[in-house]
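For reference, the structure is listed below as structure tokens.
The values are calculated or read from the model by the stated rules, or taken from the named source; none is laboratory data. The structure presented is a predicted model; accordingly, all values stated were derived computationally and were not measured. Note that we place each Cβ from the backbone using ideal geometry, even for glycine, and neighbour counts take in every protein chain shown. We work out accessible area using only protein heavy atoms, side chains counted, and drop any ligands, DNA or RNA first. Shrake-Rupley method; radii C 1.70, N 1.55, O 1.52, S 1.80 Å.
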Amino acid sequence: MSANHPAEHSGDSSGDTTINMTSLPSTVSSKPWVQLVAGIICMAMVANLQYGWTIFINPIDAKYHWGKAAIQVAFTLFILFETWLVPFEAYLADRFGPRPLVIAGSLLIAASWIAYSWASTLGALYTAGAIGGIGTGLVYGTCIGNAVKWFENRRGLAAGFTAAGFGAGAALTILPLTHSLAARGYEATFFNFALIQGGVVFLAALLLKKPVKGVAARRSNPRLIHSECDSTPLQTLRSVVFWVMYAAFVLVAASGLMATAQLAPIANGFGIANTPVTLLGFTIPALTFALSLNNLMNGFSRPFFGWISDWAGREFTMFVTFLAEGIGILCLDKYGKDPVYFVLLAGLVFFAWGNIFSIFPALTRDHFGKKYASTNYALLYTAKGCAAFFVPIGSIIALRTGSWSTTLVAAAIANIIAALIMVLLLRPLRLRELRRQETALAPAD
């Protein structure tokens, strides 16, 4: 349970406190910060495929009258294809490097929104969702893995900043997206933003590359416990710790995805979607304000809580944030019909939710080692795909009960259960497994 791996176990020089730049080529793309920025840009440009989806639901339903639950199946398929193929995509990125994978992703995300703009049947809509999921998974999984490799022992912070691009990226475009939707309709908006987002990802992908060998790592934080063994993907899948992490990930991701996909229908259900809200000197309709604030808060939370978890510990940080999210959702159910409270409470929920995408990669690396860190986290990330099944269920429950209250309360309970899992179950199990590993590594007398 050492906080610092010996070099023979970790494959890095943990005694060094600076990055050895002498082994790096002089090209701009070989600078770690360039890789980090390029990854953040790519993530920001695919963010709308998930976080911008909610504003298209009502216009699509108004045109074709398919029903919101049926339309949300496209979002579920998007999440499934985004997450469940990530282990295979991580393998390809490890083998061929990040550039070709992200370039392929750029083409697919553009094709997805173009297909959305043309879709006149549910089958075509679902196909577009699947294509977008594959493209987003290629970009997301590859950029997170690349950041962790370039900043091996700053992995929480690096993963947090990269994931922040995905969380906050939609905040940069939500206003032009909503304006385009109002002025040109959803079909033209899908088509135009497909070209913009896909083109930017394509250009940023040209900078991405694997880190060269010989990059020394900084010393690990002594407050963290982690394994001195590298677990293979099969060993990881046999670990009880992995499945406890998986269950917690599903519980929290399900509530966050429900809020992401259903925020516009919830605001319409509360009757405050178009009500002007004045905060910080800005007067914006409640839904648009909430979407912008949510994405900013979601993005900021990822590096922030990644850094906090390096200091306070992964499990304790997630306990606090999961509990805060659960309480925030309960308050949203009770006070959300007030447009100001709706904006503020939705922001709190998204602030608390975003940390799972920075802390879980770091926790996976802590417990299962460095060698297979990308693939092992990719396996855990498929939990987001499982969580996607709950998005249309939330719509069905709301339709049958006539309100969003039951759905929101269920999401809150899921977060509170996940919070308790962190401190009552996961940490004791981790300590037990790591003690067994120490015993196995100890030399015989």
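Across region 99-121, which residue is nearest to N192 (Cα to Cα) among those that are open to solvent by 50 Å² or more (accessible area, probe 1.4 Å) and assigned to a helix (DSSP H, G or I)?
W118
Looking only at region 394-445, how many residues end up being under 29 Å from I329 (Cα atoms), among the hydroxyl-bearing types (S, T, Y) and either in contact with a Phe, Trp or Tyr (Cβ under 8 Å, 6 or more places away or on another chain) or surrounded by fewer than 21 Cβ atoms within 10 Å (Cβ to Cβ) (or both)?
Selection size over region 394-445: 4.
Here is a yes/no grid of residues against (1) closer than 26 Å to L181 by Cα; (2) surrounded by fewer than 19 Cβ atoms within 10 Å (Cβ to Cβ):
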| position | (1), (2) |
| --- | --- |
| N48 | yes, no |
| G52 | yes, no |
| F56 | yes, no |
| L80 | no, no |
| F88 | no, yes |
| G97 | no, yes |
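Go through region 148-203 and report how many residues are charged (D, E, K, R) and at pLDDT 90 or above.
First, the residues of region 148-203 that are charged (D, E, K, R): 149, 152, 154-155, 184, 187.
Restricting the remaining residues to those that are at pLDDT 90 or above gives 184, 187.
Total meeting the criteria: 2.
Among what's in region 215-234 and is modelled with pLDDT of 60 or more and among the polar types (S, T, N, Q), pick the residue that is surrounded by the fewest Cβ atoms within 10 Å (Cβ to Cβ).
Per the stated criteria, the residue is T232.
Take the conditions part of a helix (DSSP H, G or I), among the hydrophobic types (A, V, I, L, M, F, W, C) and open to solvent by less than 10 Å² (accessible area, probe 1.4 Å) and apply them to L380. Does it pass?
Yes: the conditions hold for L380.
Can you confirm whether region 353-368 contains a residue that is in a helix (DSSP H, G or I), at pLDDT 85 or above and either surrounded by fewer than 17 Cβ atoms within 10 Å (Cβ to Cβ) or touching a Pro at 6+ places or on another chain (Cβ under 8 Å) (or both)?
yes
Name the pairs: first residue in region 61-72 and over 13 Å from L399 (Cα atoms), second residue in a loop (DSSP other than H, G, I, E, B) and modelled with pLDDT under 90, Cβ to Cβ under 7 Å, at least 6 apart or on different chains?
none
For T288, only one of the following conditions fails: (1) at pLDDT below 90; (2) not in a helix (DSSP H, G or I). What is its number?
All conditions are met except number (2).
Of everything in region 42-66, what is assigned to a helix (DSSP H, G or I) and over 15 Å from the mean Cα position of the chain (by Cα)? Give them in sequence order.
Across region 42-66, the qualifying residues are T54, I55, F56, I57, N58, P59, I60, D61, A62, K63, Y64.
For (1) assigned to a helix (DSSP H, G or I); (2) closer than 16 Å to A259 by Cβ, each residue gets a yes or a no:
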position	(1), (2)
I284	no, no
S292	yes, yes
N295	yes, yes
F300	yes, no
D310	yes, no
A324	yes, yes
L330	yes, yes
G347	yes, yes
F350	yes, yes
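Does S374 fit the bill of being out of contact with any Cys (no Cβ under 8 Å at 6 or more places or on another chain), part of a loop (DSSP other than H, G, I, E, B) and touching a residue at least 24 places away in the same chain (Cβ under 8 Å)?
no
Which of the residues that make up region 137-169 are within 16 Å of L208 (Cβ to Cβ) and of a type in the set (S, T, N, Q)?
T142, N146, T162
Would you pick out the residues in region 104-141 that are among the β-branched types (V, I, T) and over 20 Å from the mean Cα position of the chain (by Cα)? Break it down stepwise before answering.
Narrowing region 104-141 to residues among the β-branched types (V, I, T): 109, 114, 121, 127, 131, 134, 136, 139.
I114, T121, T127, listed by residue number.
Identify the single condition in (1) touching a residue at least 60 places away in the same chain (Cβ under 8 Å); (2) assigned to a helix (DSSP H, G or I); (3) open to solvent by less than 10 Å² (accessible area, probe 1.4 Å) that F319 does not satisfy, given that it satisfies every other one.
Of the numbered conditions (1) touching a residue at least 60 places away in the same chain (Cβ under 8 Å); (2) assigned to a helix (DSSP H, G or I); (3) open to solvent by less than 10 Å² (accessible area, probe 1.4 Å), the odd one out for F319 is (3).
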